[in-house]
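Notes to accompany the following structure.
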Amino acid sequence: MTITGYADLHCHPMSHLGFGGPRQGGLGFFWGKPTDPIDQALPCCKVAHAPLGRGGVVPSLTEKEQPNYDGYDTFVSWPRHSTVIHQQMYKDCVERAFNSGLKLIVASAVNNEMLADLYDNGYPVDSTDGTSIAAQIAGMKAFAAQCSAWMQIVTTPAEARAAIGAGKLAVVLAIEVDSVCGGAMRRDGDLDPAKTDAIVQKYFDMGVRLINPLHLVDNALGGTAIYDDRFNLSNHYLFAKHQNTAAEPWWYDAASVVGGGDLADVRMLLGANRGNDALINIYGKGYPTYMKSLGLVGHANTRTMTAAGKAFVAAMMKRGMLVDVEHMSSHTLDEAMTIAEDRTYPLVSSHTGFRGIAVPRTKTGPNDPTWVPGCANEGMRSDSQIKRLVKLGSIIGIGGHAGLVQELKIDSSKGWARGYHYARSLGVERIAIGTDMNGFPTQAGPRFFRDPLTGELKHAEATDTIRPLKYGSDLVPIVNKLLTRTALGKQSYDYNVNGLAHYGLLPDFTLDVALQLTAPDDLGDFFQSAEALIQVWETCEQLAVP
Amino acid sequence: MRTTRGALIVSVVSVLATIAGTAFADPPLDLAEVDIATLDFGAGALGTPDTPLGDAEHASAEVSAGLTGAHAELLGLSARIFTFRASARPSLLTTNVSGTLADLDAWMIGARYPDLSHCLAFVSGRCDEDTGYLGFGGSVLEVAGDTDSGQVGMRFIEGDAIASVTPAFGGDWRKFRLLPRLGGSLDMVVHVPEETHDLIGRITAGFDALATGGSVRFAPTFRYRPSMTDPAGDFAIEATLSVMTRTHWEAWHNRDALTIGLELAYSYDSDPSHAFGPDRVGGANNSMVARLVVSPTIFTVGPP
């Protein structure tokens, strides 16, 4: 039976258990739980996030918060579409999305040791990826058990079909951390390829079925996609923490993009985003002179997949696991696709954007400082990468944060719709969303603002002519239920002006996207994405070696 | 024989390097330092080898207390705002009070990109790691006076050009640096009982240096301050060495900085009637001080 409904290929329901988890005195870098009564799960975060509080200044450097830091029950400050360190996947929100067409989620354990260690003024905490993974996998299992009436963790595609058939949300456990093989495993040669099979087996035994071998830093499996100086600090920090006497470089081993190939359209330059200057200065280690000249085109990672990385991917494929190529450097991805092509093994690109519609960076000079938000970076897919992935039968998840694209000035669902249209033009049929909810990226913002004088909705984007959502008269796609406003505590959310503030607004988001697409670019493929992921998984399972 | 000795030296150096490599490995969280409100408690001794005048004492024990309003130590920038210290020296029957409104050890100039756009070190302004060989420093309104001598010195302003032997925006600058400096200051020494004062322009030449081993910092400084009008007859030589280690305690946060260390200072004033500073014996040419210092910070921005 073909499943109708969509899949979120990438989200982090258990982020509160990452980043060192809850500390003594109620502190926590990532604030708010998805479970428990709402007053206990999402209380005011001032104790943990105020810059003069015990948590230190890191939260305020990570996110600009409202002065009152509230949470329950007004929810004035958060959740909102621009939050990165507050819970956006409270159980009621997830359930609302599920009741409105969401059929499958990939729940990924996530972590960042540097932020965890910086938080609470460096108070010692076990922030390692291994501890974080174990806590989040256990937490997700407990979450599913608590919500067993409508949620189920699945470990095979058959279980996924059965769970969805039984009227439940299928949850695939996943991992996306910087050091999936351990903190000391930082470079080619650090990890014996023969040991990767046992590592993959360990995660498989925990119920994990999807892994990102790379996240935001290089590791013993390969090179990361370069797109943010802040993650370069993490790259350096993990060497300082785990391999203090290792030979340099501890920073990204980046090179300026020259010539053609997959990297020809990369325009992101390391060291050009002045918004990162404060963090780089506070980190205090100097910063490589990547910017040799203002005339540079773009930066990309010179590192590729290591022998251990190839063995790791092969070990995943041997077990029929879903290999998520997101965050791989271009060279690493090329190797992953080559391995997959040898056995026609479909891959997952779970939360990506497209260089073909990225914001152009055309000027150079002091008045156009070589940094343009949304400009093409290595983490986005090139056209040729997309075509190779499609040929493998892979599934592509467009990032919920992929909204800032060319000709648009506002990060909103319009950008996602543009990405969907673009992906289809490249022949992508297995196409989903990868919200990255509770992750670092912000979510799609609103398309409207309310005129303070008249109270009328006005388009935020001058070129936008698409109408707003009409609560009480529009129907939610697929389920054909009347769209109503959702609420947390005293806060009633209007997607038109709030954007994708939390997971419960996914139905509103999908309708807002649908309004912007016309045949043949309707959301038909998207609303089959749960089926598409299961089909990908079934193919993987068939190719597994018993 | 020479070969054996050479091998022995190589072995010893190798062992020491290994030990140092282990013991002095960088802590993973070694962030730029910004300390707000640092108290300063010291105990030590001050004295002079000069023949004292009359029955005055050569030396005295000393206890001191002080405050630094804010201190920032970033790549390419080392500065303090509002420092104050009062030192009681009972055997000398005097209390020395000193303070500085703003003290800029070094503010280095780098380049945002090697081919364009010069920039100054600042929290929100990053310069590239290969740059930062020149900068400037100095102080604004430095005051020091003794209760017994009735001599109060003021350095209205000092401005120095500073060079850095290594790039100030390179990762090692906060651990190892040598900063030669050359500049000048405008000083005034007030003789309170006589109700007279001398206005003196001085040239400043010297260096600041820093070497770090693990959590221990060695910071020698040297200044030669000849008068612009009488450089041979009126000059001061100042040399200091501080050996400090930085740990943490609980004040505002549970990880605020606590600095503990030893300060040594020597100064020579060719004309004691024009001498001033926190570590002078009134009327002496040579002054020496040694003190242990404990400096708890009330609020450290980030980990210590």
task: Would you calculate the separation in nanometres between label points at A:Lys202 and B:Asp271, each defined as 7 Å from the Cα along the Cα-to-beta-carbon direction?
output: 7.5 nm
field: Proximal charge balance of A:Lys409 [Cβ under 11 Å; K/R count +1, D/E count -1]
entry: -3
task: Using a cut-off of 15 Å between beta-carbons, work out the net charge of the residues near A:Gln88 (Lys and Arg +1, Asp and Glu -1, A:Gln88 not included).
output: -3
Karplus-derived 3J(HN,Hα), 6.51/-1.76/1.60, for each residue of the range A:408-413, Hz, glycine and proline x: 10, 9, 10, 7, 8, 4
Rg(Cα) / (2.2 N^0.38 Å) computed for the range A:301-438, rounded to two decimals: 1.11
statement: Here the gain from full extension of A:Val47 to A:Lys391, 0.36 nm per residue of separation minus their alpha-carbon distance, amounts to 118.8 nm
Computed FRET value (nearest 0.05) for B:Val97 with A:Leu61, which takes r as the C-beta separation and R₀ as 41 Å: 0.60
task: Within a 10 angstrom radius of each residue's Cβ in A:110-123, how many Cβ atoms of other chains show up on average? Whole number is fine.
output: 3
field: Mean Cα-pair separation over length for the range A:199-247, i.e. relative contact order, pairs under 8 Å, 6 or more apart, %
entry: 23 percent
statement: Given pairs A:Lys409/A:Lys490; A:Lys91/A:Lys481; A:Lys33/A:Lys414; A:Lys409/A:Lys458; A:Lys103/A:Lys414; A:Lys103/A:Lys310 and cut-off 26 Å on Cα-Cα distance, the over-length ones are A:Lys409/A:Lys490; A:Lys33/A:Lys414; A:Lys103/A:Lys310
Using θ = phi - 60° and Karplus 6.51 cos²θ - 1.76 cosθ + 1.60, couplings along the range A:541-546 (whole Hz; Gly, Pro as x): 5, 5, 8, 5, 8, x
- prompt: Say each of A:Gln406 and A:Ala194 gets a label point 7 Å from the Cα, pointing the same way as Cα to Cβ; how far apart are those two points in nm?
  reply: 5.1 nm
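Quick one: length gained pulling A:Ser148 to A:Leu482 fully straight, 0.36 nm per residue minus the C-alpha distance? Provide the component values of the computation, followed by the final result.
Numbers: separation 334, 0.36 × 334 = 120.24 nm, distance 2.61 nm.
Computed gain between A:Ser148 and A:Leu482 is 117.6 nm.
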query: What aspartates and glutamates could a cross-link reach from A:Lys470, if we take a straight Cα to Cα line under 16 Å and drop same-chain neighbours fewer than 8 places away?
result: A:Glu456, A:Asp494, A:Asp508, A:Asp512
task: Could you work out the local net charge near A:Val177, counting Lys and Arg as +1, Asp and Glu as -1, over the other residues with Cβ closer than 10 Å to its Cβ?
output: -4
- prompt: Mind checking the mean number of beta-carbon atoms from other chains within 10 Å of the Cβ atoms in B:32-41?
  reply: 1
Proximal lysines relative to A:Lys241, as straight alpha-carbon distance under 19 Å, when same-chain residues fewer than 8 apart are discounted: A:Lys285, B:Lys175
- line: What helix-only [θ] at 222 nm does the protein assembly as shown give? Using -39500 (n - 2.57) per DSSP H run of at least 4, over all residues, to the nearest 500, the answer is -6500 deg cm²/dmol
query: Among rounded, prolate and oblate, which fits the range A:219-364 when a ≥ b ≥ c are the square roots of the eigenvalues of its C-alpha gyration tensor, a/c under 1.5 means rounded, and a/b larger than b/c means prolate?
result: oblate
task: Could you check what % of the DSSP bridge pairs in the protein assembly as shown are antiparallel, to the nearest 5?
output: 80 percent
task: Would you calculate the separation in nanometres between label points at B:His197 and B:Thr247, each defined as 7 Å from the Cα along the Cα-to-beta-carbon direction?
output: 4.5 nm
- line: Extend 7 Å from the Cα of A:Asp73 along its Cα-to-C-beta direction; within the range A:478-493, residues with backbone N under 15 Å of that point are A:487-492
query: If you line up the Cα atoms of chain A on their principal axes, what length do they span on each, largest first, in Å?
result: 61, 54, 49
- prompt: With a ≥ b ≥ c the root eigenvalues of the C-alpha gyration tensor of the range A:448-502, is it rounded (a/c under 1.5), prolate (a/b larger than b/c) or oblate?
  reply: oblate
field: Calculated FRET efficiency for the pair A:Asp36/B:Ala86, C-beta based, R₀ 56 Å, to 0.05
entry: 0.55
- prompt: In units of 2.2 N^0.38 Å, what is the alpha-carbon radius of gyration of the range B:32-301?
  reply: 1.03
field: Potential extension, B:Phe41-B:Asn286 segment - 0.36 nm per residue separation minus Cα distance
entry: 85.8 nm
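What does the structure give for B:297-303 when I average, per residue, the other chain Cβ atoms found within 10 Å of the residue Cβ?
The mean count of partner-chain Cβ atoms within 10 Å per residue comes to 4.
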- prompt: Which FRET efficiency value, to the nearest 0.05, do you get for A:Ala519 and A:Met1 by plugging their Cβ-Cβ distance into 1/(1 + (r/R0)^6) with R0 = 30 Å?
  reply: 0.75
query: What fraction, in whole percent, of alpha-carbon pairs in the range B:174-304 exceed 24 Å separation?
result: 44 percent
statement: Distance in Å, no decimals, from the C-alpha centre of the range A:19-39 to the one of the range B:128-157 is 48 Å
message: At a 10 angstrom cut-off on C-beta neighbours, averaged per residue, how do the peptides A:423-433, A:343-353 rank from highest to lowest?
response: A:343-353, A:423-433
task: Rank-order A:254-261, B:190-197, A:207-214, A:19-26 by packing density, defined as the average count of other C-beta atoms within 10 Å over each peptide's residues, highest first.
output: A:207-214, A:19-26, A:254-261, B:190-197
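Laboratory data are not the source of any read-out in this text; all were calculated from the coordinates shown. If you're wondering where the values come from, they're calculated on a predicted model, not measured in any experiment. Positions of Cβ are backbone-derived with ideal geometry, glycine not excepted, and every protein chain shown enters the neighbour counts.
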